[in-house]
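First the structure, in the form of structure tokens, and then the observations on it.
The values are calculated or read from the model by the stated rules, or taken from the named source; none is laboratory data. Because the structure is predicted, anything quoted here is derived from the model rather than measured. Note that we place each Cβ from the backbone using ideal geometry, even for glycine, and neighbour counts take in every protein chain shown.
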Amino acid sequence: MEFVWFILVGLVAGWLAGQFMKGGGYGIIGDIIVGVLGAVLGGFLFGKLGISFGGGLLGAIIVATIGAVILIFVLRLIKRK
């Protein structure tokens, strides 16, 4: 069941990151991929910085969304070159 929640959090985070970054989303599969990779990146970064948004679904979505926004930003920098 945790895998299903991880995918749902990835979907929401990817969609939110697409909205924040003016991309409008990447389709359902793209949003899930960006959100899941963002969750991993956000979890790593916030863990290293010692920052916690608390447990639960909302905290996971916040961390994953911030990670996905950072991921999209970096990918756009690379793509621009």
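Overview of values
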read-out: Qualifying residue in the stretch 45-63 (condition: surrounded by 14 or more Cβ atoms within 10 Å (Cβ to Cβ), assigned to a loop (DSSP other than H, G, I, E, B) and of a type outside the set (A, V, I, L, M)); value: yes
read-out: Pair list, Cβ < 7 Å and 6+ apart or interchain, from the stretch 6-28 residues that are modelled with pLDDT of 85 or more to residues that are surrounded by fewer than 19 Cβ atoms within 10 Å (Cβ to Cβ) and of a type in the set (Lys, Arg); value: none
read-out: Matching residues in the stretch 29-59 - criterion: being touching a residue at least 24 places away in the same chain (Cβ under 8 Å) and within 9 Å of the chain's Cα centre (by Cα); value: ILE32, VAL34, GLY35, VAL36, LEU37, GLY38, ALA39, VAL40, LEU41, GLY42
read-out: Options VAL74, VAL69, VAL63, VAL40; residue that is over 19 Å from PHE3 (Cβ atoms), modelled with pLDDT of 90 or more and of a type in the set (Val, Ile, Thr); value: VAL69
read-out: Selection count, the stretch 1-23, where residues are assigned to a helix (DSSP H, G or I) and surrounded by 15 or more Cβ atoms within 10 Å (Cβ to Cβ); value: 12
